[in-house]
Amino acid sequence: MITFAFLFSHNIFLGISSETIFNQTFGGSGEDVARSVQQTSDGGYIAAGWTTSFGAGTADFWLVKTDSNGNMMWNRTYGGPSEDKAYSVQQTSDNGYIVAGTTTSYGAGLVDFWLVKTDANGIMQWSRVYGGAGDDYAFCVRQVNDGGFIVAGYTDSFGAGSSDFWLVKTDSSGIMEWNKTYGGVGSDKAFSVAQTANGGYAVAGETSSFGAGNLDVWLIKTDSNGNMMWDRTYGGASVDTARSIQETIDGGYVIAGWTNSFGAGGTDFWLLKADSSGYLQWNKTYGDTYDEEAYAVGLTSDQGYIIAGGMTSLYSLGGWDFWQVKTDVNGNMQWNQSNGGLYDDKAYSVQQTNDGGYIIAGSTESFGAGLADFWLTKNVAPPPRPPDEDHDIAIMGVLPSRMIVGGGNTLTVNVTVANLGKYLESTMVHLYANATEIGYGELVFLMRGESYVIEFLWDTTGWAKGCYTIRAVADPVFGETESARQNNIGYDGIVIVTFTGDVQGDLKVDATDLLSLSKAFASNPQEPNWNLYCDFNNDRIIDALDLQLLAQNFGSQSG
């Protein structure tokens, strides 16, 4: 067993966002969660997860096929009277689909692996159950070179510890050919598997049996028969886990998950790059002092990586938001995109599409028809920012701490500037709310490729109630000229100055705001019912003081 110590690079939010092509939700009145998506050979998409809105049982596998614009073409449910949840889907060589997950409706134990094979129209051709008397969870399936399937997850029924990695190899009809467990006396869980160029398998997950901390990332490499060739752990003193693995073009591996041992605070996205023997080449964390969890990583055509998961940043709109991070080949963030509403929205799967865009699947509680809906979104990378001929300072992000603020309160606006030119540049940034200047930052000197975050405080005392567009301008100084004046101006969108107690931003304080506060009452930023916009006094807890502030303005409205 080899455990690694780390030198870290950490990335903060830059606010460079992509362009959304479509957003689609699918679901009924219950809980419908998409866990896996893939582009199909016809240019559309296949998404798998589970539904409590439709089907035969408490929860059923749900397979949704869309066209290239995300419009549903058909959907199918599979399941029995109990709970059946799909976590992984892949189009197969015969243009059908293979779906893996868990079942409590069928099988030998409490929870079993369940593998479902369908034709191109989602009609079930066969299904297989694998498991023992305990709990056995399948999280990833891949069709392999011989036409069969490899399934990864964990088992409580077999192995050495409380739970072990479980790898199941089947033929093309789902008949088991072999299975292997890997683990120690603790809890060891596999979440992702990739067939490697030499015909073996790379399996990634988490271990409490080995490593440096409470929970570490665990990578296992096997031969084509599942015999372990080597294994590596990565982590620190706290909790670190992997959720996705891909073999890279150089024969190494890229792994995505999250870390509580390293980074800015809370849990952060964690991207690790290992060579073909599992030795760590580099690792990066992405996030702020709140929580970020990466569930998927994909390879991109420029040899970089695309990561998707959830974030609970200071800048998120509700609880969890979709968060997508694009990096270069060395893991340096190129851009990021967050999407979400007032409630929990989390991405679980991402893939670069044939046209260079990105398809993401997850669940949303903010939009759609029910408690939670499938959420399928497609976006493309932001357009390149060509450097100006003269002044090469660009505004890369304008991020307010709140989109809704009670008049008389102060909010923070972080402006990120970067030097896109070849030489030393200087600038002074001015910040505006509509046409009125809020303030200006210190004189900043930046070397080539260097970036810097300037923090502004906006005291809204005396400002009229209404919507304000926040604009940052990086002015040239010391005789420089700005001939293009395109990328030296950045907008964040709208900040609403309203009455303290207005949660919705509709310039009035009424029963709707009181209801929102009641749902978030007694919560802090680490809890699922947290709502930033109910924390009127910015003390990171929603309590009687916030209720008192709302009550003082109850019934107030603008105009």
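The numbers here are math on the coordinates, done by the rules we state, and not lab data. Note that the coordinates shown come from a computational prediction; the quantities given were computed from them, not determined experimentally. Virtual Cβ from ideal backbone geometry, glycine too; neighbours counted across all protein chains shown.
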Eligible lysines near Lys180 by straight Cα distance, threshold 20 Å, same-chain separation 8 or greater: Lys169, Lys189, Lys221
Rounded to two decimals, what ratio of Rg to Rh does the chain give with C-alpha atoms and a Kirkwood Rh? 1.00
Which net charge results when you count Lys and Arg as +1 and Asp and Glu as -1 among the other residues whose beta-carbon is under 14 Å from that of Gln90? +3
Rounded to 5, percent antiparallel among DSSP beta bridges of segment 21-380: 95 percent
So, R0 is 45 Å and r is the distance between the beta-carbons of Asn354 and Glu527; what FRET efficiency does that work out to, to 0.05? 0.65
What does the charge count around Gly356 come to, taking other residues whose C-beta lies under 14 Å from its C-beta (Lys +1, Arg +1, Asp -1, Glu -1)? -1
Computed about the Cα centre, the charge dipole of the chain from +1 Lys/Arg and -1 Asp/Glu charges at the Cβ has a magnitude in debye, to the nearest 20, of 720 debye
Report the extension gain between Leu110 and Asn179 in nm, rounded to one decimal, defined as 0.36 nm multiplied by the number of residues separating them, less their alpha carbon distance. 22.9 nm
Cβ-Cβ FRET estimate between Ser451 and Phe54, R0 fixed at 56 Å, reported to 0.05: 0.70
With an 8 Å Cα cut-off and a minimum separation of 6 or more residues, compute the relative contact order for segment 193-264 in percent. 28 percent
Give me the net charge of Phe554's neighbourhood, meaning all other residues with Cβ under 13 Å from the Cβ of Phe554; Lys, Arg count +1, Asp, Glu -1. -3
Most positive-pole-ward Cα, Met124, Met228, Ser349, against dipole of the chain from beta carbon charges: Met124
Less than 23 Å apart at the alpha-carbon level, and either on another chain or at least 8 residues along: which lysines does that give for Lys65? Lys85, Lys117, Lys346, Lys378
Shape of segment 97-164 from its Cα gyration tensor (a ≥ b ≥ c, root eigenvalues): rounded if a/c is under 1.5, otherwise prolate when a/b > b/c, or oblate? oblate
For Tyr295, the residues 5 or more places away or on another chain with a placed amide H closer than 5 Å to its own amide H are Ala308, Gly309, Gly310
